[in-house]
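Notes follow once the structure below has been shown.
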Amino acid sequence: MTASALVKQSDLKRMATIAKEQGVTVWIEVNGKRVGVSPDNSSQISLDKKPKDFASFADWQTWRDQERVREVQGRS
């Protein structure tokens with residue numbers, strides 16, 4: 001007989017959806033153990049996006065900040 005999982009797969013999927021949409025790590029504590037789900041931060045927002053292409057203001061801010069860093073690096 002196998003032990004039951006600490007967290008159901010459906011709960012993990014919900015946590016992953018929130019983590020991806022909000023760009024945060026989501027934690028849950030079960031029986032004194034913490035389980036976290038983090039977004040995949042390896043992908044970067046496309047450089048050729050237009051304002052209407054952003055899903056949220058936060059996405060636009062992230063893109064703008066990345067653009068500013070690229071500009072500064074380009075001047076060095």
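Descriptive notes on the structure:
- Residue within segment 40-54 that is at pLDDT 70 or above, among the aromatic types (Phe, Trp, Tyr) and in a helix (DSSP H, G or I) present: no
Residue-by-condition table, conditions (1) surrounded by fewer than 14 Cβ atoms within 10 Å (Cβ to Cβ); (2) within 20 Å of the chain's Cα centre (by Cα); (3) farther than 18 Å from residue 55 by Cα:
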position: 3; (1), (2), (3): yes, no, yes
position: 8; (1), (2), (3): yes, no, yes
position: 17; (1), (2), (3): yes, yes, no
position: 20; (1), (2), (3): no, yes, no
position: 26; (1), (2), (3): no, yes, yes
position: 37; (1), (2), (3): no, yes, yes
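The values are calculated or read from the model by the stated rules, or taken from the named source; none is laboratory data. No experiment lies behind these values; they were computed from the predicted model shown. We place every Cβ from the backbone using ideal geometry, glycine too, and count neighbours over all the protein chains shown.
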